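As structure tokens, the structure follows; a few thoughts come after it.
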Protein chains: 2
Amino acid sequence: MHINKAIPDAIVSSYLGGQWYAPDDGATAIKSAVTGEVIAHAGHNACDADLILNYAKKVGGPELRSLTFHDRAKLLKHLALYLSEHTAALTELAFHSGATRSDSKIDIDGGIATLFVFASKGRREMPDETIFPDGDMEQLSRKGTFVGQHVYTSRPGVAVHINAFNFPVWGMLEKLAPTILSGMPAIIKPATATSYITEACFRLIVDSGILPPGSVQLIAGRTHTLTDHLTPQDVVTFTGSAQTAGIIRNSLNVSDLTIPFTAEQDSLNATLLGSDIEPDTVDFEIFVNEVVKEMTTKAGQKCTAIRRIMAPPAISRHLIEAINAKLADLTIGDPSLDSTDMGALVSDRQRNDVLAVSQQIEKHAANVSHPKITETLRDLPGAYLCPILYWCEDPDHASDIHQLEAFGPVATVMPYRNMTHAFELLNRGQGSLVASIVTHDPELAREAVLHSAPWHGRLYFNNHLSSAEATGHGSPMPHMVHGGPGRAGGGEELGGVRAVKHYMQRTALQGPPDLLQP
Amino acid sequence: MHINKAIPDAIVSSYLGGQWYAPDDGATAIKSAVTGEVIAHAGHNACDADLILNYAKKVGGPELRSLTFHDRAKLLKHLALYLSEHTAALTELAFHSGATRSDSKIDIDGGIATLFVFASKGRREMPDETIFPDGDMEQLSRKGTFVGQHVYTSRPGVAVHINAFNFPVWGMLEKLAPTILSGMPAIIKPATATSYITEACFRLIVDSGILPPGSVQLIAGRTHTLTDHLTPQDVVTFTGSAQTAGIIRNSLNVSDLTIPFTAEQDSLNATLLGSDIEPDTVDFEIFVNEVVKEMTTKAGQKCTAIRRIMAPPAISRHLIEAINAKLADLTIGDPSLDSTDMGALVSDRQRNDVLAVSQQIEKHAANVSHPKITETLRDLPGAYLCPILYWCEDPDHASDIHQLEAFGPVATVMPYRNMTHAFELLNRGQGSLVASIVTHDPELAREAVLHSAPWHGRLYFNNHLSSAEATGHGSPMPHMVHGGPGRAGGGEELGGVRAVKHYMQRTALQGPPDLLQP
């Protein structure tokens, strides 16, 4: 069996200083997640830091800063409209990363939707100006001859976005939208494994001619010494593993000059079945569906996917059966087929990583996966992996299940004694991107906020009154912040204009009122 | 000559876990800045991290979080009122740090005023609640059954405040006010050189009984391994040199868990005489007065003090003469005398540091100090230092004058060719706490914001219409943010409720509307 499409031979080029650079002898071969065949080459030896930074700072920055927030918002809208007409080709390409059509909807359509939301926020919540006021005027004097006003201004630097493999399009666009709106040019470094999809989307952006010259550059392959040349007016963002984030963070700290760094790391996200929910109710079903969706969408390769599932002990066995029943019904296989529910992991290496972490988890938890699931994968080539469900009876004494992330279709069910214990377990992840709770109890919801919100970037509540319109445990919305404390990286993205501010500098202006009118 | 007061023999104790710990054989002797005699001992070997962190997190945190923002604001107001009655003793003690009566007004009265402002902001700009909403509800669905709301909640950790020697009271209180308002307990680590003043003020806080048990602790002496025991829910703030900030920043980065760190480093702050200002006008006089005030207040030992002075070349000579004339008129000496305009540096070591940096500056700039100034100090003991004024004719090719900070009464005048060049020079500090401009020209002010705001935490404009009520180039106001990018540490303090948010976690709540009502 092999993927139902022609094998591409993608040349993943970089776009630096306004020029395309094809792969050379420094290139890496990229294999299809589905067939195992080489489908692309990415990377080259040409990565001249001065060339790249000058193009961004001397061409792109001044161009973008000469536009108002409304002008920039319009660019984002035009870009979103343009990309909307080219999603089919990107989806075709993405099959080779193991992504199904609905996986790519999240990545590609989700990325374009993010552009639309930022375009709209920029028009509605920012002024037709280049200076963004923050808060009201502060009366610093009795007679009012000396006052204060906070403003955000555009940093005369560049944003370096180091992205993860799992969302080759959304990952680029969700960071690019606030960056462009802030007036900052961007340098995008996609993860090599899926860089052929990012490059195809990036090429559309360049071909569209919508963004001013110098606004965007793409580095396929290694960044070499680029980060050593950054200054405090630049910004580095990173999405990926905690380990790599630590390496970058330390490399930026070598000088006295603090370079802003935002990390969004994977995390041990959890979901909680409220103590008020009975089995075999619509709410119970909603809970099961969210778990299954999070385990299988993108084959579990989402930073926000559910890794830990908490339920009252009396219900746990029943819950495991309900999850397994749904998982057993899914079709796993060729992502290009409409009948497929779950595709492949991005690479053999990724599958091996997930299996290695699963073995660690198995020291503390019993494998309770449905036997039927394993069978369905026996004859498939490519980086397929069946969903694995664990049951951990004593989550208090099993640190590994709260710390080790298997970045695939793997989750662990565990019991909680009471709500205080449940919140403690939620927080044992040491900082997560998201936790979700199915409940109808406003008091439980409020207690969850007080006890667990400080440990999470997002708290998601759901029940049968909201489920028809709920956006999903694992879907970051452009309106709401995405990121989390501690283990999740301590960073923040999205959240409408909140994200734009991360690329600008807040300054306190003080003086006579007539000089502070922007 | 010696200080006009009795010599104290201060025992600088720590307050840990609700107990006082007197100095032991691990103590450091502290000398008077004025007489050179030993006046205090600080530090001890007892610094049990578990004891300290448990007292903060298991006693102080829950106590504070059980109060609403309004309750906590009232505590700050009571504390401010209580401390207001005890400023005289603190001022007496501070003479030994070289601080004049008016220096201590900034430190002590300024610190208390900060408490009052935060008390008022907490009452007026925060709810009588424990959850702080951020922004409006976001409509995430058509029918409105699923919505979003951002909130800030109190972190269940502790704030560790590592403070600088120059503001022993303000430095403690300006950080304590937002910390308490956020619902977080604090551990305060004063700089040893002036820890006897901080301890005296801290003792008043404890004696007042106003703050709940566990809210505050004081570490006189070294913190030993305290920071190794911190978690992502804790916060570390630091005020001091760029070098020490770098050491702490790296020590917090050893694990995967990101611990928030806010640094406020000294910086190469600048002031600019607008091209529209003629010599011998009221505005010119205002400019000269600000320069002299910044050079001599606290003997120039302010993170915000003016280090670089920019003026049109045609006026520069005249400006140097005007500054020197004012400096020559000042009385430098015993800080306890009302007739004294400028006291001593905090220690001999500090004076030696300033002189060493001045020698570096002198390689690029001519010493143009008035000869009379040097004479007045010839016979004084203690850590006195006369103001030193430099003239740098070619600031474009003298990196050191934009990078090296002499943390004392030292500043360098330099010419600018046009406003673009002037803004470039302002920004050469690579990130500063504050830059000030004397001008009447709104267009110049706007250009300054666009070109220089990204490089500065604060931009301060002044002229004869505002000068009567202006708060001073070097005075951080509690209403306005304090901090700066790059060289200044990349941190942010103060700014009203903006500062409170730094001690809280922002979380995106999503769900059915009835579950998101706090």
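Within 10 Å of each Cβ in peptide A:456-463, how many partner chain Cβ atoms are there on average? Round it to a whole number, please.
Working: counts 5, 4, 6, 9, 6, 8, 5, 5.
That works out to 6 on average.
Return the calculated 222 nm mean residue ellipticity for chain B, to the nearest 500 deg cm²/dmol, obtained by summing -39500 (n - 2.57) across DSSP H runs with n ≥ 4 and dividing by the residue count.
Numbers: 17 runs with 174 residues, N = 518.
Helix contribution divided over all residues of chain B: -10000 deg cm²/dmol.
Give me a single rounded figure for A:148-159: the average over its residues of other chain Cβ atoms within 10 Å of their Cβ.
4
With the cut-off at 1.5 for a/c, could you classify chain B from its C-alpha gyration tensor as rounded, prolate or oblate?
On the way: a/c = 1.97, a/b = 1.27, b/c = 1.55.
Because a/c hits 1.5 or more and a/b fails to exceed b/c, chain B counts as oblate.
Write out the trypsin sites (Lys or Arg not before Pro) in the range B:90-159 meeting two conditions: DSSP loop, and at most 15 other Cβ atoms within 10 Å of their Cβ.
B:ARG142, B:LYS143
Give me the percent of DSSP beta bridges within the range A:270-479 that run antiparallel, rounded to the nearest 5.
Numbers: 2 of 23 bridges.
Taking every DSSP beta bridge within the range A:270-479, about 10 percent pair in antiparallel fashion.
Determine, for each peptide in A:290-301, A:348-359, the mean count of other beta carbons within 10 angstrom over its residues, then list the peptides with the highest first. Numbers along the way, then the final one.
Numbers: A:290-301: 24.5, A:348-359: 16.0.
Those peptides, ordered most packed to least, come out A:290-301, A:348-359.
Rounded, prolate or oblate: which one fits the range A:270-479, using the alpha carbon gyration tensor with axes a ≥ b ≥ c (rounded when a/c is under 1.5, else prolate when a/b beats b/c, else oblate)? Spell out each step's value before the answer.
On the way: a/c = 1.61, a/b = 1.43, b/c = 1.12.
Note, shape of the range A:270-479 comes out prolate.
Report the antiparallel proportion of the DSSP beta bridges in chain A as a percent, rounded to a multiple of 5.
Working: 27 of 67 bridges.
Bridges in chain A are about 40 percent antiparallel.
Enumerate the calculated ³J(HN,Hα) couplings along the range B:186-193 in order (Karplus 6.51 cos²θ - 1.76 cosθ + 1.60, θ = phi - 60°), each rounded to whole Hz, writing x wherever the residue is Gly or Pro.
Those phi angles translate into 10, 10, 9, 10, x, 5, 4, 3 Hz.
Just want the answer: with Cβ charges of +1 for Lys and Arg and -1 for Asp and Glu, which residue in A:SER241, A:GLY183, A:ASN45 is farthest toward the dipole's positive end in chain A?
Looking along the dipole axis, the top candidate is A:GLY183.
Only four residue types carry charge here, +1 at the Cβ of Lys and Arg and -1 at the Cβ of Asp and Glu. Report the dipole size of the protein assembly as shown about the Cα centre in Debye, rounded to the nearest 20.
Values: 82 positive and 114 negative charges, 28 e Å.
Computed about the Cα centre, the dipole is about 140 debye.
Counting only DSSP beta bridges with both residues in the protein assembly as shown, what percent are antiparallel, rounded to the nearest 5?
Numbers: 56 of 143 bridges.
Among the beta bridges of the protein assembly as shown, antiparallel pairing accounts for roughly 40 percent.
Quick one: dipole size for chain A, taken about the Cα centre, charges +1 on Lys/Arg Cβ and -1 on Asp/Glu Cβ, in debye to the nearest 20.
Numbers: 41 positive and 57 negative charges, 219 e Å.
Taking the Cα centre of chain A as origin, the dipole is about 1060 debye.
Just list whichever of B:LYS302/B:LYS326; B:LYS74/B:LYS501; A:LYS501/B:LYS175; B:LYS302/B:LYS363; A:LYS121/A:LYS326 have alpha carbons separated by over 27 Å in the model shown. Intermediate results must be reported in sequence, preceding the final value.
Values: B:LYS302/B:LYS326 20 Å; B:LYS74/B:LYS501 18 Å; A:LYS501/B:LYS175 23 Å; B:LYS302/B:LYS363 24 Å; A:LYS121/A:LYS326 39 Å.
Result: A:LYS121/A:LYS326 exceed 27 Å.
State to the nearest 20 debye the size of the charge dipole of the range A:447-516 about its Cα centre, where the only charges are +1 on K and R beta carbons and -1 on D and E beta carbons.
Working: 5 positive and 5 negative charges, 35 e Å.
The dipole magnitude comes to about 160 debye.
Averaged over peptide A:441-449, how many Cβ atoms belonging to another chain are found within 10 Å of each residue's Cβ? Before the final figure, lay out each step's value.
Values: counts 1, 6, 1, 1, 8, 6, 0, 2, 10.
The shielding value for this peptide is 4.
Using alpha-carbon pairs under 8 Å, 6+ residues apart, how would you state the relative contact order of chain B in percent?
Working: 1179 pairs, mean separation 96.4, N = 518.
For chain B, the relative contact order is 19 percent.
What is the protein assembly as shown by shape, rounded, prolate or oblate, if you read a ≥ b ≥ c off the alpha carbon gyration tensor as root eigenvalues and call it rounded for a/c under 1.5, prolate for a/b larger than b/c, and oblate otherwise? Spell out each step's value before the answer.
Values: a/c = 2.21, a/b = 1.54, b/c = 1.43.
Prolate, because a/c is 1.5 or more and a/b exceeds b/c.
For the range B:1-109, what's the relative contact order in percent, using C-alpha pairs closer than 8 Å and at least 6 residues apart?
Values: 109 pairs, mean separation 25.3, N = 109.
This gives 23 percent for the range B:1-109.
Given Cα pairs under 8 Å that are at least 6 residues apart, what percent is the relative contact order of the range A:270-479? Could the numbers behind the result be given before it?
Working: 366 pairs, mean separation 59.7, N = 210.
RCO, the range A:270-479: 28 percent.
Just going by the charge dipole of the protein assembly as shown, with Lys and Arg at +1 and Asp and Glu at -1 on Cβ, which of B:ALA73, B:GLY457, A:GLY110 is farthest out on the positive end?
B:ALA73
A short reminder: the numbers here are calculations on the coordinates, not readings from a lab. Small disclaimer: the values here were computed from a predicted structure and weren't measured. A quick note on method: Cβ atoms are made from the backbone with ideal geometry, for glycine too, and the neighbour counts reach across all protein chains shown.
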